1. What pairs come up if the first residue lies in segment 195-219 and is of a type in the set (Val, Ile, Thr), the second is surrounded by 18 or more Cβ atoms within 10 Å (Cβ to Cβ) and assigned to a helix (DSSP H, G or I), and their beta carbons are under 8 Å apart, counting only those six or more places apart or on different chains?
2. So, in segment 1-58, exactly how many residues are farther than 23 Å from residue 194 by Cα and of a type in the set (S, T, N, Q)?
3. Are any of the residues in segment 152-173 under 18 Å from the mean Cα position of the chain (by Cα) and more than 30 Å from residue 53 (Cβ to Cβ)?
4. Does residue 131 satisfy the criteria of being over 23 Å from the mean Cα position of the chain (by Cα), surrounded by 11 or more Cβ atoms within 10 Å (Cβ to Cβ) and within 27 Å of residue 33 (Cα to Cα)?
5. Would you check if there is a residue in segment 126-137 being part of a helix (DSSP H, G or I) and closer than 23 Å to residue 222 by Cα?
6. For the subset of segment 148-190 comprising residues that are polar (S, T, N, Q) and surrounded by 12 or more Cβ atoms within 10 Å (Cβ to Cβ), which member is modelled with the highest pLDDT?
7. What helices (runs of 4 or more DSSP H) completely inside segment 2-120 contain at least 1 residues that are hydroxyl-bearing (Ser, Thr, Tyr) and free of Cβ contacts under 8 Å to residues at least 60 places away in the same chain?
8. Is it true that residue 41 is under 29 Å from residue 209 (Cβ atoms), at pLDDT below 95 and not polar (S, T, N, Q)?
Amino acid sequence: MQAQLNIYNSNASWLTRQFTIEYTALFDCILPTLERLKLPVPLGGTSNHFPRDVLDEAGGWDPFNVTEDADLGIRLARSGWHVGVLPSSTWEEAPSTFCVWFGQRTRWLKGWMQTYLVHMREPRHKRRELGARRFVGLQVLMGGLILSAFVHPWFYILLAFNHRQGRLLSAPESVLGRSLLWIGIFNLIVGYLSAIWPGTAASARRGWLRLSAHAVLMPLYWLAISLAAYKALWQLASAPFYWDKTQHSARAAGSVPGESASPPL
């Protein structure tokens, strides 16, 4: 069982607000959906509950994976176990400065890359273990997350290049070119909306309407994630087992939403 994690210091900075929206979408919307569809659920690292014999059967935590929780979630799925989501909130602190956030996110992305590479060493065997539906779910969830982090900034690089060449607002002359342009615009709009909507809806469901409005700035947050992804790729090759410790501060009394009358801003 995985509890729903969330952030108690969302009003500390722009980064913590984006972090809170991201966590709220992940643990309030995405993981419960994965549970209902019985797809692999990457564990969140905090408030995991399972029988000791199940943990031993799955091999325990991988001491060489820097996101051992996500790896364990995939191995549980490979062993035929199902991860459920508890309808309770466990409150965590989000990094409020870019340096601390960047180090943490680099480690996370490196660990997700490690997890994906380890579990895809024998794709045919993994497909037999997971079944076709859960195998595809693994590709979309873990593989898609990593790939999107690498690809996202190149869209803006291409925009900047076309602007420099004076072709930013000019339509292609050929029918095929115009068709590809409209397909690209459609994918862009639908892609952004499908990613921003869960964060907006999940935050609003918790009553955090002012916070949900910040979801429109998520594309900027994703650019920072992409920067961390490229550093994670370099670390994967140069220092795969390096663990960048996340600095935390002491929690002030009343900082958890459940202890205060006012929710995060």
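1. Correct list of pairs: 196/215; 196/218; 200/21; 200/212; 200/215; 216/196.
2. 7
3. As a first pass, look at segment 152-173 and keep what is under 18 Å from the mean Cα position of the chain (by Cα): 152-153.
If we keep only those that are more than 30 Å from residue 53 (Cβ to Cβ) too, we end up with 152-153.
Within segment 152-173 (the criterion being under 18 Å from the mean Cα position of the chain (by Cα) and more than 30 Å from residue 53 (Cβ to Cβ)), the answer is yes, since at least one residue qualifies.
4. Details: over 23 Å from the mean Cα position of the chain (by Cα): yes; surrounded by 11 or more Cβ atoms within 10 Å (Cβ to Cβ): yes; within 27 Å of residue 33 (Cα to Cα): yes.
Against the criterion (over 23 Å from the mean Cα position of the chain (by Cα), surrounded by 11 or more Cβ atoms within 10 Å (Cβ to Cβ) and within 27 Å of residue 33 (Cα to Cα)), residue 131 qualifies.
5. Kept after step one, since they are part of a helix (DSSP H, G or I), are these residues of segment 126-137: 126-130, 132-137.
In the following step, the residues that additionally are closer than 23 Å to residue 222 by Cα were identified as 137.
Yes, segment 126-137 contains at least one residue that is part of a helix (DSSP H, G or I) and closer than 23 Å to residue 222 by Cα.
6. Here the answer is 148.
7. Numbers: elements: 14-25, 31-36, 52-57, 68-78, 98-119.
The qualifying helices (runs of 4 or more DSSP H) are 31-36, 98-119.
8. Working: under 29 Å from residue 209 (Cβ atoms): yes; at pLDDT below 95: yes; not polar (S, T, N, Q): yes.
It is true that residue 41 is under 29 Å from residue 209 (Cβ atoms), at pLDDT below 95 and not polar (S, T, N, Q).
The values are calculated or read from the model by the stated rules, or taken from the named source; none is laboratory data. Remember, predicted model here, so these are calculated numbers, not experimental data. Ideal geometry is used to build each Cβ from the backbone, glycine not excepted, and the neighbour counts take in all protein chains shown.
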